[in-house]
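As structure tokens, the structure follows; a few thoughts come after it.
The values are calculated or read from the model by the stated rules, or taken from the named source; none is laboratory data. Fair warning: this is a prediction, and the values are worked out from it, not measured in the lab. Glycine also receives a Cβ, built like all others from the backbone with ideal geometry; neighbour counts cover every protein chain displayed. The protein model used for the area step is the full one, side chains on, heavy atoms only, and it has no ligands, DNA or RNA in it. Shrake-Rupley method; radii C 1.70, N 1.55, O 1.52, S 1.80 Å.
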Amino acid sequence: MEAVVIDAGSKLLKAGPAVPDQAPSMIIPTQMRCMPEGGSLTDGSLFEDISVDPIVRGFIRDWDAMEDLLHHVLYSSLGWEMGNEGQVLFTDPLSTPKAVKEQLVQMMFETFNISGFYASEQAVLSLYAVGRISGCTVDIGHGKIDIAPVIEGAVQHVVSRRFQIGGIDLTKLLAQELNKSNPSVKLSISDVETLKEQYSCCVEDEVAYEKTQHSCQEEQHTLPDGQVITVGRERYAVGEALFQPSILSLDADGIVEQLVRSISTVSSESHRQLLENTVLCGGTVSMPGFEERFQKEAAMCSAIVRPLLVKAPEYMPENLKMYSAWVGGAILAKVVFPQNQHINKAEYDETGPSIVHRKCF
């Protein structure tokens, strides 16, 4: 039985058997919908279902919901059988608290009775996916942005940076902009997510962005409920906010400058090794024009060594940026489990959850 690799994000969970040159076999929303206890009102009508987010800003917050989600993934979707559970490799977000790591490994051994466990940090795995062990990842997730320098397979935590903004904040920005120009249209978050994925794009620089605020092509989009909304200059705000955070009312530098500043605090002999092996991760970075804008900003920055983006190998699946940590996890699983570098059940029983810090990180 192949080890299962699980990359659980705030918006999407990617999972599947460890096959390195393929996309994960399942990509599903992390958010769960559940019925309140009882299920109906006294008049016989049903409660509306409730949305539950097991993971918020990258970290597990609702352990009961996470257990239900993993049960669905492992037994219902991937076909595990009770009493014949296999091995699992989890991707680990930057700066995960020790208590969360321990609770995860405890749940996997004690609730799911797995035979082996391993975890590795997402930044390291995303570099593995493009054939690197050193470099820097810029990971724009649903609820956070992580900038993580990695040297010889080890994240440099002291100089890593996490920002508590992400795709959900860009969605809310787009909703605000669309509401200004379409005041009569009632938008749900799911409507705005769809519009963001379909229409958002980056322009080449700040000058081009300013021009879009005065003149740009508009398109009409029909929502599922029949309402018609006009999308014009709003589509450019989503990408631009990453290079001009003031659009989000944040007093901060753009994403390229943040990357360069992070690396500047590493020893100078590592600057080239890190910056010239920069990897972009997350669904947002697949936005049309984003990579080109990032490269243009990098070429104009004042640093002696400037960021250069690593291209994914041709044999890797399309849209690798969206699940590069999962692919790196599949690569690593082919090493750690056959070579018995993982935590097995006997080791867990002897040492307890704290063993995760000694064997996995």
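Tabulated data
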quantity	calculated
First in the stretch 334-361 and at positive phi, second anywhere and open to solvent by 50 Å² or more (accessible area, probe 1.4 Å) and part of a helix (DSSP H, G or I), Cβ under 9 Å, 6 or more apart	352/102; 352/106
Candidates 110, 102, filtered to the one that is at pLDDT 95 or above, within 24 Å of residue 148 (Cα to Cα) and open to solvent by 20 Å² or more (accessible area, probe 1.4 Å)	102
The stretch 30-51, residues that are in a loop (DSSP other than H, G, I, E, B), modelled with pLDDT of 55 or more and of a type in the set (Ser, Thr, Tyr)	30
Test: residue 238 is among the β-branched types (Val, Ile, Thr), over 18 Å from residue 127 (Cα atoms) and touching a Cys at 6+ places or on another chain (Cβ under 9 Å)	yes
Odd one out for residue 301 among (1) in contact with a helix residue (DSSP H, G or I) (Cβ under 7 Å, 6 or more places away or on another chain); (2) under 30 Å from residue 217 (Cβ atoms)	(2)
Residue count, the stretch 336-359 (criterion: more than 18 Å from residue 110 (Cα to Cα) and among the hydrophobic types (A, V, I, L, M, F, W, C))	2
Number of the exception - residue 198 against (1) open to solvent by less than 70 Å² (accessible area, probe 1.4 Å); (2) part of a helix (DSSP H, G or I); (3) of a type outside the set (A, V, I, L, M, F, W, C)	(1)
Flag for residue 264 being within 27 Å of residue 133 (Cβ to Cβ), open to solvent by less than 30 Å² (accessible area, probe 1.4 Å) and out of contact with any Cys (no Cβ under 9 Å at 6 or more places or on another chain)	no
Which listed residue is at pLDDT 95 or above, touching a Phe, Trp or Tyr at 6+ places or on another chain (Cβ under 9 Å), under 17 Å from residue 63 (Cα atoms) and in a strand (DSSP E or B), from 6, 27	6
Subset of the stretch 336-361 [part of a helix (DSSP H, G or I) and either in contact with an Asp or Glu (Cβ under 8 Å, 6 or more places away or on another chain) or exposed (fewer than 13 other Cβ atoms within 10 Å of the Cβ) (or both)]	346, 349, 350, 355, 356, 357, 358, 359
Options 303, 330, 325; residue that is in contact with a Pro (Cβ under 6 Å, 6 or more places away or on another chain) and open to solvent by less than 60 Å² (accessible area, probe 1.4 Å)	330
Exclusive hit being over 23 Å from the mean Cα position of the chain (by Cα), buried (at least 16 other Cβ atoms within 10 Å of the Cβ) and in a loop (DSSP other than H, G, I, E, B), set 178, 187	187
Checklist (1) open to solvent by less than 30 Å² (accessible area, probe 1.4 Å); (2) part of a loop (DSSP other than H, G, I, E, B) applied to residue 132, failing item	(1)
Answer residue from the stretch 206-246, given it is assigned to a loop (DSSP other than H, G, I, E, B) and open to solvent by less than 30 Å² (accessible area, probe 1.4 Å) and is nearest to residue 293 (Cα to Cα) among those	232
Residue identified as in a strand (DSSP E or B), open to solvent by less than 30 Å² (accessible area, probe 1.4 Å) and under 26 Å from residue 31 (Cα atoms) among 123, 119	119
Any hit, the stretch 286-294, residues being among the hydroxyl-bearing types (Ser, Thr, Tyr), in contact with a Gly (Cβ under 7 Å, 6 or more places away or on another chain), within 30 Å of residue 25 (Cβ to Cβ) and not in a loop (DSSP other than H, G, I, E, B)	no
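Yes or no, residue by residue, for (1) touching a strand residue (DSSP E or B) at 6+ places or on another chain (Cβ under 9 Å); (2) within 15 Å of residue 277 (Cα to Cα); (3) open to solvent by 10 Å² or more (accessible area, probe 1.4 Å):
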site	(1), (2), (3)
115	yes, no, yes
136	yes, yes, no
141	yes, no, yes
146	yes, no, no
159	yes, no, yes
162	yes, no, yes
